[in-house]
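The values are calculated or read from the model by the stated rules, or taken from the named source; none is laboratory data. What you are looking at is a predicted structure, and each value in this text was computed from that prediction instead of being measured. Methodologically, a virtual Cβ is constructed for each residue, glycine included, from the backbone with ideal geometry; neighbour enumeration extends over all protein chains shown.
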Ligand code: ADP
Ligand code: ADP
């Protein structure tokens, strides 16, 4: 079954007399367990599509079905609820709480899920273990390297078992070696069955995804299996 199905979605911004067509008509199906990269030049609509897929925004037109639910016309409150349950976000800038330990950062989303502290800590530690950082649980972000911080952010994104891991330029703040280590982690998470969508403008990062969707001027320019990867693996 598809986790994500968009049908002819469009997004228009009106700014005074100007109408900006950020997305014109985008139809994408993503089955459970896929690993997809969204690529495209600046202004092509990547952030807009990411915001819609991540339930941070709704389309002006068209339909978006996430895990069987039509989220295209939901209110902000309904959308927030779906988002917390279904989407795990990873950002370029990690977005960790600086004064909280790695464990507390990862456990945070579980407070909203209504688990008690002991359950939260157990689940958070398990999630840190999955990204290879169980031994850094008590460290604060400033005691960790950039790559370790991003691993904490990934553990936080996954702690709720979301339907989709949505990563916006996840290696944008990392050096090349660390970026490739994070991509190796994504590959391991993919192998465990996670559905991953990553937005990137870097070809050598997109190369890790198993499918590449290229946007241009608010349209899908191409949507292809990553043959380069198939050749190497
Ligand atoms: P990308 O992420 O590929 O750079 P965006 O989705 O950010 O592309 O932008 C697509 C187009 O929509 C651009 O022309 C951008 O300026 C415009 N845009 C994006 N967000 C807004 C907004 N909130 N208000 C007005 N225009 C926007
Ligand atoms: P990114 O770093 O992901 O490219 P942007 O700088 O494109 O992010 O966008 C940052 C925020 O500003 C987003 O919420 C986006 O929707 C909004 N935005 C982008 N372009 C415009 C625009 N032309 N006018 C108003 N808001 C915009």
Check your understanding: Out of the residues in the stretch 91-100 that are under 18 Å from the mean Cα position of the chain (by Cα) and surrounded by fewer than 21 Cβ atoms within 10 Å (Cβ to Cβ), which is farthest from ligand 1 (Cβ to nearest atom)?
Key -> 95
Exercise for review: Would you check if residue 167 is closer than 19 Å to residue 85 by Cα and free of Cβ contacts under 8 Å to residues at least 60 places away in the same chain?
Suggested key: no
Exercise for review: Would you confirm whether any residue within the stretch 88-96 is within 15 Å of ligand 2 (Cβ to nearest atom) and assigned to a helix (DSSP H, G or I)?
Suggested key: no
Review point. When you go through 103, 108 one by one, which is the residue that is without any contact (Cβ under 8 Å) to a residue 60 or more places away in the chain and surrounded by fewer than 20 Cβ atoms within 10 Å (Cβ to Cβ)?
Key: 108
Exercise for review: Looking only at the stretch 52-84, count how many residues are surrounded by fewer than 16 Cβ atoms within 10 Å (Cβ to Cβ) and either within 15 Å of ligand 2 (Cβ to nearest atom) or part of a helix (DSSP H, G or I) (or both).
Suggested key: 6
Practice item. Identify all residues within the stretch 4-21 that are surrounded by 21 or more Cβ atoms within 10 Å (Cβ to Cβ) and either within 16 Å of ligand 2 (Cβ to nearest atom) or more than 11 Å from residue 220 (Cβ to Cβ) (or both); write none if there are none. Key: 4, 9, 11
Practice item. Please give the number of the condition residue 58 fails out of (1) within 12 Å of ligand 1 (Cβ to nearest atom); (2) free of Cβ contacts under 8 Å to residues at least 24 places away in the same chain; (3) more than 17 Å from residue 216 (Cα to Cα). Key: (1)
**Study point:** Lone qualifier among 120, 32, 24 - being more than 15 Å from ligand 1 (Cβ to nearest atom), at pLDDT 95 or above, farther than 22 Å from residue 137 by Cβ and surrounded by 14 or more Cβ atoms within 10 Å (Cβ to Cβ)
**Key:** 32
Check your understanding: Do we have residue 170 as crowded, with 16+ Cβ neighbours inside 10 Å and within 30 Å of residue 6 (Cα to Cα) here?
Key -> yes
